[in-house]
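Novice: One structure, as structure tokens, below. Some questions next.
The values are calculated or read from the model by the stated rules, or taken from the named source; none is laboratory data. All values reported here derive from a predicted model rather than from experimental measurement.
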Amino acid sequence: LMLILAFAFCKGDTKISNKAKTKDPNRWISAEALYRLLHSVDENIPSEPPNADEGGTKKKAGGASALGADAVTTPSRRRSAGNDNNLSLTPNIDVLLDTFVQQDYLLREKINPSAQSGSSSAAANSSLVEGSGIMYAMGPRAAMEIGRRQVVHFCAEILDEQPDPTMLAEIEEGEEEDEELGGAAAPQQ
């Protein structure tokens, strides 16, 4: 979870909300970029998200993903063969992402790639909009339980770098705006 949150927050970008034409405070990352980053950490994780026709996990009648024993992985998305006890050491990322979305640790949004042409930069377009139009961001539960500042510090620690001052400033600005609006800002550990 922490690695996915770190990639989503530290490698993602902000976007313009199509509904209100306002800047979305979340940092979003495309499914393609997220899978490539996860694959760079563990080569047994697929480098691309499942195709719409390929699936990744079987869908139940209501459209919700099946978890646990009902989850099905297509042969082309197999994980590592496992250790001596025949246990796979690589998690099924497709199922984990579904689980984290259901538990509100992650937000998932399907977008129309042509609708994002108003993004602030070419870099934003590359991390926000790619083939599938699926994007992920830190969910409300992760923001409350873990905090954005903690994710930035975690990312810096695993990269053996100093925390990005622009990201820390962005978090501070968000907290100040929350206080100005009269809302209590989430604790940011």
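Novice: Could you run through the range 128-187 and say how many residues are in a strand (DSSP E or B) and modelled with pLDDT under 90?
Specialist: Total satisfying the criteria: 0.
Novice: Go through the residues of the range 95-104 one by one and say whether even a single one is at pLDDT 70 or above and among the charged types (D, E, K, R). I'd like the intermediate steps shown before the answer.
Specialist: Here is the first cut: in the range 95-104, the residues at pLDDT 70 or above are 95-104.
Next, from what is left, pick out any that are among the charged types (D, E, K, R): 98, 104.
Checked against the condition, which is being at pLDDT 70 or above and among the charged types (D, E, K, R), the range 95-104 yields at least one hit.
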